[in-house]
Amino acid sequence: IVTTPQDLALLDARKGVEMFRKVNIPVLGVVENMAVHICSNCGHAEHLFGEGGGAKLATQYGVELLASLPLAMEIREQADGGKPTVAAEADGQIAMIYQELARHVGARIVLQEATAPAMPTITVSDD
């Protein structure tokens, strides 16, 4: 579930979690997008949309907070330039957050597959 930390977005995210649970689709975790604004001039961090909403949502539903992604001008500039942050600055702090997110998602998928019930076998015949 991807959300932003503000209350209205969290309401929608809760509805999403509830919907997925009703139809037995596992939720791997929560990603909090735009968790903090990073000033491109001075590096000051400010929580424009609230703080900790993604963590609270994850705790409420017993899932992992997979990542808190910043709202940073360089993410947009690099993506618009055709080179996403993980390629443009592979060793940068923001790229490290994305890489850690990818590792968390991969690990959660492996865990889900290991504990998922076996799928039924479907046989098609000409009988």
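May I ask for the Kirkwood hydrodynamic radius of the range 2-115, worked out over all distinct Cα pairs and given in angstroms to one decimal? Working shown, then result.
Values: mean 1/r = 0.0659 Å⁻¹.
Answer for the range 2-115: a Kirkwood hydrodynamic radius of 15.2 Å.
What residue among L57, A67, P84 has its Cα farthest toward the positive end of the dipole of the range 44-93, where the charges are +1 on Lys, Arg and -1 on Asp, Glu, each on the Cβ?
Of the options given, the answer is L57.
Assign unit charges at the C-beta atoms only (+1 for Lys and Arg, -1 for Asp and Glu), then state the dipole size of the range 2-115 relative to its Cα centre in Debye, rounded to the nearest 20.
Details: 9 positive and 14 negative charges, 101 e Å.
Result for the range 2-115 is approximately 480 debye, rounded to the nearest 20.
I'd like to verify something in the chain: which complete DSSP H helices, judged by Cα projection on the helix axis, reach 30 Å or more and average at least -1.0 on the Kyte-Doolittle scale?
Working: long enough: 93-115 (33 Å, 0.28).
Helix filter hits for the chain: 93-115.
Would you mind calculating the gained length between K56 and V23 on full extension (0.36 nm times residue separation, minus the Cα-Cα distance), in nm to one decimal? Mind showing how you got there, number by number?
On the way: separation 33, 0.36 × 33 = 11.88 nm, distance 2.30 nm.
Extra length from K56 to V23 when fully extended: 9.6 nm.
With Cβ to Cβ distances under 15 Å as the rule, what net charge do the other residues near H47 carry (K, R +1; D, E -1)? Can you show the working numbers first?
Working: positive: K56; negative: D7, E32, E46, E51.
Summing Lys and Arg as +1 and Asp and Glu as -1 gives -3.
Can you work out D for the range 9-58 in µm² s⁻¹ from Stokes-Einstein, where Rh is the Kirkwood radius over C-alpha pairs, the temperature is 25 °C and the viscosity is 0.890 mPa s? Walk me through the numbers on the way to the answer.
Values: Rh = 12.5 Å.
D, rounded to a whole number, is 196 µm²/s.
Where a number appears in this text, it was derived from the coordinates with a stated rule and is not lab data. This structure is a prediction, so every number in the text was calculated from the model and none was measured. Note: ideal-geometry Cβ built from the backbone for every residue, glycine included; neighbour counts use all protein chains shown.
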